[in-house]
Amino acid sequence: MSSSVSAAQDDNISSESKPAAAIDSDSSETNDEASSLLTPKQPPPEKPEDIRRRSYIVASFWFIVLFLGLPIWWKTTTIYRADLPLSQMMDWADGRACSPVFPIKIAIDAPNLQKEETDNLLRITQQALDSANDFKGHHLQLETSPLAGKRSTPDSDIALTIRLTPGDAATSSLHSQEPILEVTYPPNSIPASDAASSGFATYLAAQLRLAFSEERNVMSYLLAKSSMPFEQRPLETSQDSSDSLAKRMTRSLKYSQTYHLTFSLFTSGPSPSSWDIESAIDEYMQPILDLLGPIHNFTIDTQVQLYATPGVQSQVLSKEDLSSFINAAEWPLSPSIGGAPTVNFVVFIGNQTIGTASEIGTSQSWLIPQWGSVYLLPPSSTNHVPSEVLKQPVLTFASHLLSLLGTPQSGSLPMRLSTLTRIRSADVLLRASSSLGSLARLSLALPSISIPSSVADGVAKSMYHLQLACSNLGGTDGLEHARIADVEAERAFFEKSMVGQLYFPDEHKIAVYLPLLGPVGVPLVIGLLNQIKAWKAARAGKMKVA
Amino acid sequence: MRHFFSYLIPFSILFWTVALASDYYEQLILKPLPQSTVLASFNFRSNTTLSQFEARNFQYFPRSLGQILQHVGTRELHLRFSLGRWDAESWGARPWDGTKEGGTGVELWAWLEADSDEEASRKWLSLTNALSGLFCASLNFIDETRTTRPVMSFQPEGDHSNTTLANMQLLHGVLPREVVCTENLTPFLKLLPCKGKAGISTLLDGHKLFDASWQSMAIDIRPLCPEGQECVLQIEQTIDMVLDIERSKRPRDNPIPRPLPGHELKCNTSKPYHSSDTCFPTDYAEGQEWALDQVFGKTIKGACPLTDPEVPPVCIQVPHTRDIYITAGASEIKDANKPSRCYQVPLESDFSMILPHMSREGEHPKTDADEIVKPETPLLYAERSFTGHGYERGGVRTILTNPSPDTEVEFFYMESLPWFMKIYLHTLTAHVNGVAGSKNDIIEEIYYRPALDRVRGTQLELRMRIPPASTVFLTYDFEKSILRYTEYPPDANRGFDVAAAIITILPSTSPDAPLARQKTSNLRTTSLLLSLPTPDFSMPYNVIIFTSTVIALAFGGLYNILIRRFVGANEVVDSGVGGLKNKIIEAVAKLIGNSKGAKGKVD
């Protein structure tokens, strides 16, 4: 193959357009032909427009790759991540966005006192309360009773009414049915209008603090448990009381607006097969359910199950047996469908008893934390369980229901329930906040997780309701907002589509990209490098020439 | 809430009467069939009054199912789990006129209370999901593409008022691929008040039930309003199974069938070639002998005490001449009108029965007619199969035979086909006895809802009439679609199951028709296995590699031509690869030199 032919092929267009140069190079070739056998011939110098054209080609390829290929690749493979207000979410989780303060309104009902005297007492007692308040979550607010003198039911906002009556000495007692603190005051104990302090006011303040001490303990326990670094957090609670609080709080069910109550009669044999549960519930349980009405709704179903063998066969049940007594595999105690949690109340008819280790005699029922309770009844000869026999079990279930709901133990029932509202609000609020915090941390920790816009929606809704809940704390409104916030936060956290792309390993990406990008990328990169090298060489040559 | 309880007060006063009204019934009917098989039909029924049901007080009605029904507003529910094939040629008419069986796999149909189609679909989805959890079956795979809304084939069985009928929607779904097994039986037994611990349900055992030649489990829930009484909601649970006696009698410790040793073979000695080394096996039916505890592996552990003591729990349909021995304590009641007898089972003791061998020789030789009741001829025989070949098109042929010499049979034929099987309706033809008759004579009405890709399947309902003693060949062609890569199920090469065709035989309108013809009866063909073109499942990666290679080749060539400089062969400058080669050679030489130098130092 002759070299001149190949050179002509290469540059035939340019050689035609520039005949002078071509002839020039040809003539130089013929001169060197004799020496070509010993040393390789130098190729003719490239024309500058060839070099320019080549660099245009390389540049345009890179232009397409960088400005068309890369954006398309980026657009089609990027994971959608909705913008989350991460710092605000962390603020909620850390308790910076809201410090829960529960204003508790306390009315003073003093029919026998002048208005000025009452106002004065109120002012001094409020001062005493404020100065002694070491827990800022609680704010006890005194006011004169708007219904002074009337004996009608107090305003729902008012958590406690102090009824002042003259007496011989300063005594106080909580009313057993209504949220009323009965206080008697000795004569001359009402402070004068200019007095800065008074023994009776201090006594009143101490009594009030005592009345709300349990609630305060629960609240501070909840705050302490949450990750919120509250400056007002630690109260000097003893280890014992916080242990018992922890036990009580873990026992209670997760807050929900509706609970399903399932009453089941289990018998080990074929009888009894019917029971008067409706009338028993109506008589013994319904009053409590009605009182709980503002906080929770309840639906009730009942069932009878025969031939049920318990999980433990021994005659006397020890403490360890109680946890495995429920035969979960065989007993149809499936939770109700429809989202709301189920509370199970099981009456088991059989000749088993609970052995209490220390005392003589046996008890008949036990509570299963976050699940329900069991009551053992001895077998009877009849095929039907009448309502009277069910009285004790249903009453036990009612009290177990209260503790499963997390109701505090002291005080009159209305007071306990208003306390329950506040505790639940705080609980749900803290839980929603911590869910938001977890979501924020999750999205920071996993950069490859996708965040659909529904999650962002849920977060926004949740924060909106948290804000409302925080400003309305203490009432049922606040509870409702906190509940919605919690539901939204949970829904955002457990969004299914977030995890879909999470377990896509990087090896797969390599396997998909490498066959294409390898063979295409190598010529591109080498072409670019050569071009840069040539450009550098050309510049160096120019410098030399200069 | 308070409102709800104010309703309860009158109920609790009524409670005693209510407790009496809700009752429980169970019965086992055994029926020996030809070919050494026995049909066992278990039937369990519990009632609850509608008022008690709505107040959510469950006694014999299972709560787990009840709350699902309440949650989705189900008026009537039918659920079937079936396995195997009913051999109509030798076993005759189906038990319960075929109304308590489903196609192979799982079948579910329900009437839901819904104002619109969307609401019905939403409720249906939640119903299938809830039932799927309760029965451990993949019912949640009944999606829109497997759901049909039959127009003619199904009618509500319960009593519904006209107002509820107006907003009831029927939905029907089939899973022909589902394998019914023990995990479906366990929740089924849990629904029974006696829970398989007393009564006839003690016989039910997964090993025997799913080893049967044919079995069907059914749950029917329907409201019933007897005249002058309160309306009740009835749950009826039925299990039918055809057991092969020889197979069931095989002891547990020897489960693998092995050829019998020569001396145990039952030979037909009447054959001329019978000798010590040749044996023609005797007819199956000859000398059937079996016992209840042999066939089921256990005895009945006393009667369930919840049943009405007047109703005998076990019945057997054999001629009165058949000898039967029963355990002591039980009593026999013979039905004078029918070849049937029933047994009262004591409450606390076990019950079994033995049907001994009856000699065909001797003084009083017994015949087949003494041992088993001759099976009834079914109203219609149906079989369905695929025709054609290849991966593109196919055909379906259904052979429907009316065996009756004098009565014609009228029925609905319903097919719900998957969307990837696209039928050509114009090819639908019906021939009588192979002679091309006019289609209108046989097919009276067609309801056809074409498939939409990936949205819904084909629904085809035909109203047909077959003249006496004739056979109809119903054929149609279809095209097979190509599925998307992700739409193939695991083990796609096995094929795709096509649900059984459902045949609903209409009751005869003439007043002098026999009893069997006065009721609606059902029939299902077997399900079919459709093979679709299946791709090579490593295809996507192959495609990536292949296209990448082609693109890389084309691109590399083009790019090199564009940017390379072409020079003569004798003009090549020593650089590039050559330079690299030289560098390597230099490096190697240097290395060798170094090692030599080191050696020299040692020396």
Tell me the GluC sites (Glu not before Pro) within segment B:71-101 that lie in a loop according to DSSP and have at most 11 other beta-carbon atoms within 10 Å. none
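Which whole number gives the average, over all residues in A:49-55, of C-beta atoms from other chains lying within 10 Å of the residue C-beta? Could the numbers behind the result be given before it?
Working: counts 0, 1, 1, 0, 2, 4, 1.
Mean partner-chain Cβ count within 10 Å for A:49-55: 1.
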Gain in span if fully extended, residue B:492 to residue B:445, counting 0.36 nm per residue against the direct Cα distance: 13.3 nm
Just checking the output field for B:57-65: average partner chain Cβ neighbours within 10 Å of each residue's Cβ? 6
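Is the shape of segment A:481-546 best called rounded, prolate or oblate, per the rule: a/c under 1.5 gives rounded, else a/b larger than b/c gives prolate, else oblate, with a ≥ b ≥ c the square roots of the Cα gyration tensor eigenvalues?
Working: a/c = 10.17, a/b = 2.83, b/c = 3.59.
Oblate, since a/c reaches 1.5 and b/c is not below a/b.
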Report P(r) for segment B:55-98: all Cα-Cα distances, bin width 10 Å, range 0 to the bin holding the largest distance, values in whole percent. 19, 35, 20, 22, 5
Which lysines, on any chain, are close to residue B:301 with Cα under 22 Å apart, when same-chain ones fewer than 8 places away are left out? B:31, B:190, B:195, B:197, B:208, B:249
³J(HN,Hα), Karplus 6.51/-1.76/1.60, whole Hz, each residue of segment B:369-381, x for Gly, Pro: 5, 7, 9, 10, 7, 5, x, 6, 6, x, 6, 7, 9
Based on the mean of other beta carbon atoms within 10 Å per residue, what is the order of B:520-530, A:290-300, A:110-120, most packed first? B:520-530, A:290-300, A:110-120
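Over segment B:39-167, consider all pairs of different Cα atoms and compute the Kirkwood hydrodynamic radius from their mean reciprocal separation; express it in Å, one decimal.
Numbers: mean 1/r = 0.0602 Å⁻¹.
After inverting the mean inverse Cα-Cα distance, the result is 16.6 Å.
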Between segment B:262-312 and segment B:59-77, how far is it from one alpha carbon centroid to the other, in angstrom? 42 Å
What does the highest-first list of B:62-68, B:466-472 look like by mean Cβ count within 10 Å? B:62-68, B:466-472
Amide H proximity to residue A:258 below 5 Å, modelled H, separation 5+ or other chain, gives A:297
As an exercise, use a Förster radius of 35 Å and the Cβ-Cβ distance of residue B:465 and residue B:211 to find the FRET efficiency, rounded to the nearest 0.05. 0.30
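Would chain B count as rounded, prolate or oblate if I go by the C-alpha gyration tensor, calling it rounded below 1.5 in a/c and otherwise prolate when a/b exceeds b/c, oblate otherwise? Intermediate results must be reported in sequence, preceding the final value.
Details: a/c = 1.93, a/b = 1.71, b/c = 1.13.
Cα axes put chain B in the prolate bin.
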With Rg from the Cα atoms and Rh as the Kirkwood inverse mean 1/r over Cα pairs, segment A:426-546 has an Rg/Rh of 1.46
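Please report the antiparallel percentage of the DSSP beta bridges confined to segment A:271-396, to the nearest 5.
Working: 6 of 16 bridges.
Expressed as a percentage, antiparallel bridges in segment A:271-396 total about 40.
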Under Karplus coefficients 6.51, -1.76 and 1.60, residue-wise ³J(HN,Hα) of segment B:88-100 in Hz, glycine/proline x: 5, 4, 9, 9, x, 5, 7, x, 6, 6, x, 7, 10
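What do you get for Rg/Rh of the protein assembly as shown when both radii come from the Cα atoms and Rh is the Kirkwood radius? The partial results should precede the final answer.
Numbers: Rg = 43.7 Å, Rh = 38.8 Å.
Rounded to two decimals, Rg/Rh equals 1.12.
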Test of understanding: what is the full-extension gain from residue A:446 to residue A:68, defined as 0.36 nm times their sequence separation minus their Cα-Cα distance? 133.2 nm
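Which helices, counted as full DSSP H runs in chain B, have an axial Cα extent of no less than 30 Å and a Kyte-Doolittle average of 0.0 or above? Walk me through the numbers on the way to the answer.
Working: long enough: B:539-563 (35 Å, 1.57); B:577-602 (38 Å, 0.09).
Helix filter hits for chain B: B:539-563, B:577-602.
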In straight Cα distance, which aspartates and glutamates are under 15 Å from residue A:391, not counting same-chain residues fewer than 8 positions off? A:276, A:278, A:282, A:283
Applying a 4.7 angstrom Cβ cut-off across the protein assembly as shown, unpaired cysteine residues come out as B:136, B:181
Whole-angstrom gap from segment A:242-286 to segment B:377-451, using each part's C-alpha centre: 58 Å
Protection proxy ranking, peptides A:42-52, A:380-390, A:415-425, A:98-108, average beta carbon neighbours within 10 Å, highest first: A:415-425, A:98-108, A:380-390, A:42-52
Give the long-range amide H neighbours of residue A:141: residues separated by 5 or more places, or on another chain, with amide H under 5 Å away, using H modelled in the peptide plane at 1.01 Å from N. A:104, A:105, A:106
Summarise the partner chain shielding of B:560-566 as one whole number: the mean count of Cβ atoms from other chains within 10 Å of each residue's Cβ. 6
Starting at the first residue of segment A:80-88, write each ³J(HN,Hα) from the Karplus equation 6.51 cos²θ - 1.76 cosθ + 1.60 with θ = phi - 60°, in whole Hz, x for Gly and Pro. 6, 10, 5, 6, 10, x, 4, 5, 5
Is segment B:445-584 best put as rounded, prolate or oblate by its Cα gyration tensor, with a ≥ b ≥ c the root eigenvalues, rounded for a/c under 1.5, and otherwise prolate when a/b is larger than b/c, oblate when not? prolate
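Laboratory data are not the source of any read-out in this text; all were calculated from the coordinates shown. Fair warning: this is a prediction, and the values are worked out from it, not measured in the lab. Every residue, glycine as well, gets a Cβ built from its backbone with ideal geometry; the counts of neighbours run over all protein chains shown.
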